[in-house]
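What follows is one structure encoded as structure tokens, with my remarks underneath.
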Amino acid sequence: MLDAPLPPCSRLGHVGHAKRCLSGLPSAQVELDASTMAVVFYCIGTLDLLEMLEGKTSESDRQSWRDWVWEQQTHGPNGSGFRPSTYMTPQRSPNVQEDCTSYDGPHVIMSYTALLSLAILRDDFSQLDRPGLIKFLKSCQREDGSFSTVIGSGDTDLRTLYCAFAISSMLDDWSGINVDLALQFVAKCRTYEGGYGQSPNCEAQGGTTYISVASLYLAPGSPSTRLTPPERQKTIQWLVRNQLSSGGFTGRTNKEADACYCFWCGAALQILGARELVNVRGLGQFLSSCQFKYGGIAKVPGEHPDPYHTYLSLAALSMYPPEADPTWAFGPLDPLLNARVETSNWARAHIPAR
């Protein structure tokens, strides 16, 4: 029932879930060990959205997380960035910058999450190899305008392009990217429905539609020159149709609702200036029903929670807080970078070279 009262937000439960996952993932999620950087971002991002990072963690813990992130900054002949984790990293001498191997090189997506994690932790970025990061982005761009996740990889889709754009925006330096070529690739990923697929000729998805829209608005210049009014309207219509009677959003046509798409589709509508078309009450009802009794938020009601869906659910509610229940109200979110506005401002103030 979409008119039923929402259960209170279990803020302390969500804090506990994030802290438990920072200490070590449950056995059911050990496959994420190779993507620890992303898990760290989702966990400390959850604490940031709840505005409980400082109140519920110690300075020594926050410093240890900063240190761990910086330990993942790696340097090689094709530039610098952040690796996903120590999963495939050999033991090295401390404080010695060595060329990375083919197994533990920098990763575009993880570099994006590393920068945001350090911004959440209010790092001063004095250790950031900015020229190396720009060189790395340049090394990853392919002839069709897309980006590989790591040097020489065939793994490429719009997710990596968005992260390259977000990094360039935070650096306030676009010299590592051929922007026009990248935007041509984005345009090729647009589908007849008005959404965007991961690659050209792929089915439209909520996540890659957000990524495409955010990339269009992150790039320097006016987004109105890249998305015509009819195209914008068609994208909005496709996104709005993805909100189901349950209040949740689906990521693809004729699929079930999933908590993460409440962010991906909701954020795209926010960027496009169409937030008033979202059923905010229904959104809150669906996401609150995905709340796990011991903390965390799952992809659908009745499932076990994970850091990814917990963070994205809270991020969606930061944009669309249910007015009737103040326990679900959070500070404003920057939908372009996917971070709390205060964190986004810190990143833009401290990451660029001055």
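Every read-out reported here was derived from the displayed coordinates using simple, explicitly stated rules and does not represent laboratory data. Only a predicted model underlies this, so the values are computations on that prediction, with no experimental measurement involved. Here Cβ is always computed from backbone atoms with ideal geometry, including for glycine, and neighbour counts include all displayed protein chains.
One chain, two ends: residue 304 and residue 175. Fully extended at 0.36 nm per residue, the span grows by 42.1 nm beyond their Cα-Cα distance. Mind checking the log10 I(q)/I(0) for region 128-184 at q = 0.12, 0.14, 0.18 Å⁻¹? Debye, one equal scatterer per Cα, no solvent, two decimals. The calculated log intensity ratios at q = 0.12, 0.14, 0.18 Å⁻¹ are -0.22, -0.30, -0.51. For the residue pairs 56/293; 188/299; 19/293; 255/299; 255/293; 188/255, the C-alpha atoms sit more than 22 angstrom apart in 188/299; 255/293; 188/255. Between the listed residues 330, 315, 346, the Cα displaced farthest toward the positive end of the dipole of region 249-354, a dipole computed from Cβ unit charges relative to the Cα centre, is found at 346.
Highest mean packing comes first when the peptides 331-340, 55-64 are listed by Cβ atoms within 10 Å, giving 331-340, 55-64. Placing unit charges on each Cβ (+1 for Lys and Arg, -1 for Asp and Glu) gives the chain a dipole about its Cα centre, and among 131, 8, 64 the Cα reaching farthest toward its positive end belongs to 8. Label-to-label distance for residue 256 and residue 329 is 3.4 nm, based on points extended 7 Å past Cα in the beta-carbon direction. In this structure the amide hydrogen of residue 75, modeled in the peptide plane, comes within under 5 Å of the amide hydrogens of 98, 100, none closer than 5 places in sequence on its chain.
Remark: region 113-130, residue by residue, has Karplus-estimated 3J(HN,Hα) of 5, 5, 4, 5, 4, 5, 5, 4, 7, 6, 6, 8, 6, 5, 8, 6, 8, 5 Hz, where x stands for each Gly or Pro and the curve is 6.51 cos²θ - 1.76 cosθ + 1.60 at θ = phi - 60°. The charge dipole of the chain, taken about its Cα centre with unit charges on the Cβ of Lys, Arg, Asp and Glu (plus for the first two, minus for the last two), comes to roughly 460 debye. In a simple Cβ point-charge model (Lys, Arg +1; Asp, Glu -1; nothing else charged), region 215-354 has a dipole of about 380 debye relative to its Cα centre.
For the charge dipole of the chain, defined by +1 on Lys and Arg C-beta atoms and -1 on Asp and Glu C-beta atoms about the Cα centroid, which residue among 41, 114, 229 has the Cα displaced farthest towards the positive pole? The residue sitting farthest along the positive end of the dipole is 229. Taking 0.36 nm per residue of separation and subtracting the current Cα-Cα distance, fully stretching the chain between residue 201 and residue 124 would add 23.5 nm. Other residues with beta-carbon under 14 Å from the beta-carbon of residue 215 carry, at +1 per Lys or Arg and -1 per Asp or Glu, a net charge of +2. For region 231-311, the dipole from Cβ point charges (+1 on Lys and Arg, -1 on Asp and Glu) about the Cα centre works out to 180 debye, to the nearest 20.
Equivalent ellipsoid of the chain: semi-axes from √(5λ) of the C-alpha gyration tensor, largest first, are 30, 26, 17 Å. A helix-only calculation puts the chain at -14500 deg cm²/dmol for mean residue ellipticity at 222 nm, using -39500 (n - 2.57) for each DSSP H run of at least four residues, averaged over all residues.
Sorted from greatest to least, the principal axis extents spanned by the alpha carbons of region 205-268 come out as 38, 21, 14 Å.
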